[in-house]
Amino acid sequence: LAPAVGLPRSKAVQEFVMPMPNRYKSSCQPGTILHEDEYEACITCKPGTHMDRVDSTYCESCLMNHWVSTSGAAMCHPCPENTETLSTGADDIRHCQCMRGFYTPARVTGTACLPCPEH
């Protein structure tokens, strides 16, 4: 065993210094965007928005007749057959409503719609 080495008290007790924050530029994957300060963590796109590219600076709203209910989406889903949304940025499939002249037998929005019967 090696002999114990004693340090002067002034050298043995030093102030703890926190490490510097990450100073490497973030790389943001699809579903996220760059923070205004590119060295901060990426920002996740909210429901009703998406981003399919790497290192983008903004999330895009889902187009008409598309929706996404999760955060961090790279793409929006198309509405079921014969349905449409009334605006962009739909954050739930229930925003997909039957088009004029169509109906859903279950009377539930967000499901495929059938042509109305002819009278």
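The values are calculated or read from the model by the stated rules, or taken from the named source; none is laboratory data. Everything numeric in this text was worked out from a predicted model, so none of it was measured. Cβ placement follows ideal geometry from the backbone for every residue including glycine, while neighbour counts extend to all protein chains displayed. The protein model used for the area step is the full one, side chains on, heavy atoms only, and it has no ligands, DNA or RNA in it. Shrake-Rupley method; radii C 1.70, N 1.55, O 1.52, S 1.80 Å.
Scan region 82-91 for residues that are without any contact (Cβ under 8 Å) to a residue 40 or more places away in the chain, surrounded by 15 or more Cβ atoms within 10 Å (Cβ to Cβ) and either hydroxyl-bearing (Ser, Thr, Tyr) or within 12 Å of Val68 (Cα to Cα) (or both) and jot them down.
Thr83, Thr85, Thr88
For region 29-67, enumerate the residues that are in contact (Cβ under 8 Å) with a residue 24 or more places away in the chain, open to solvent by 70 Å² or more (accessible area, probe 1.4 Å) and closer than 18 Å to Asp91 by Cα. Lay out the reasoning, then the answer.
So in region 29-67, the residues in contact (Cβ under 8 Å) with a residue 24 or more places away in the chain come out as 29-33, 44-50, 54-59, 61-67.
If we keep only those that are open to solvent by 70 Å² or more (accessible area, probe 1.4 Å) as well, we get 29, 44, 46, 54, 57-58, 63-64.
Within region 29-67, Thr44, Lys46, Tyr58, Leu63, Met64 qualify.
Which members of region 92-110 meet the condition of being open to solvent by less than 80 Å² (accessible area, probe 1.4 Å) and either in contact with a Cys (Cβ under 8 Å, 6 or more places away or on another chain) or among the aromatic types (Phe, Trp, Tyr) (or both)?
Across region 92-110, the qualifying residues are Ile93, Cys96, Cys98, Met99, Gly101, Phe102, Thr104, Thr109, Gly110.
Does Thr70 fit the bill of being of a type in the set (Ser, Thr, Tyr), in a loop (DSSP other than H, G, I, E, B), out of contact with any strand residue (DSSP E or B) (no Cβ under 9 Å at 6 or more places or on another chain) and closer than 15 Å to Gln29 by Cβ?
Values: of a type in the set (Ser, Thr, Tyr): yes; in a loop (DSSP other than H, G, I, E, B): yes; out of contact with any strand residue (DSSP E or B) (no Cβ under 9 Å at 6 or more places or on another chain): yes; closer than 15 Å to Gln29 by Cβ: yes.
In short, yes.
Restricting to region 92-105, count the residues that are free of Cβ contacts under 8 Å to residues at least 40 places away in the same chain, of a type in the set (D, E, K, R) and assigned to a loop (DSSP other than H, G, I, E, B).
First, pick out the residues of region 92-105 that are free of Cβ contacts under 8 Å to residues at least 40 places away in the same chain: 93-105.
Keeping just the survivors that are of a type in the set (D, E, K, R) gives 94, 100.
Still in the list and also assigned to a loop (DSSP other than H, G, I, E, B): 100.
Total meeting the criteria: 1.
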